[in-house]
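What follows is a single structure, written as structure tokens, with notes after it.
The values are calculated or read from the model by the stated rules, or taken from the named source; none is laboratory data. Everything numeric here is computed off the predicted structure, so don't read it as measured data. Heads up, the Cβs are rebuilt from the backbone with ideal geometry, glycines too, and the neighbour counts pull from every protein chain shown.
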Amino acid sequence: MKDITQFVGIGAAILTAVAMLPQLIKVIREKKSEGVSIYMIAVLIAGLGLWIWYGLLKKDYPIIGTNIFSLIVNILLIIFGLRYKGNKV
């Protein structure tokens, strides 16, 4: 039963980690970021930071890895969101 639990957890972590990737790709392709809430992403980044900390405390490498990936995606989304803010391409 423990093996199934670990697979479910890893699957959930991977899906959560890639959830914002389509939004990042859209912002980069369209070079505009209207509709992207920088504040929501900032709160999400704070939560991801806490998940990474939790993973470090538990020495849970799937939690650490997937949340670091999510953190990078969301930081890039903020960077490109600010860069393309106001673009009407």
Any residue at all in the stretch 60-79 that's over 10 Å from the mean Cα position of the chain (by Cα), in a helix (DSSP H, G or I), loosely packed, with under 12 Cβ neighbours inside 10 Å and modelled with pLDDT under 95? yes
Only one of L71, L57, L48 is within 16 Å of P22 (Cα to Cα) and of a type in the set (A, V, I, L, M), namely L71
Limited to the stretch 17-32, what total is found for residues that are within 20 Å of N87 (Cβ to Cβ) and either surrounded by 17 or more Cβ atoms within 10 Å (Cβ to Cβ) or touching a residue at least 12 places away in the same chain (Cβ under 8 Å) (or both)? 8
Among the residues of the stretch 53-64, is any more than 18 Å from L82 (Cα to Cα) and of a type in the set (D, E)? yes
Check whether at least one residue in the stretch 3-16 is surrounded by 12 or more Cβ atoms within 10 Å (Cβ to Cβ), touching a Leu at 6+ places or on another chain (Cβ under 9 Å), in contact (Cβ under 8 Å) with a residue 24 or more places away in the chain and over 15 Å from L82 (Cα atoms), and report yes or no. no
What are the residue pairs meeting all of these: first residue in the stretch 33-51, first residue at pLDDT below 90, second residue part of a loop (DSSP other than H, G, I, E, B) and not polar (S, T, N, Q), Cβ atoms under 7 Å, and 6 or more apart or on different chains? S33/Y84; S33/K85
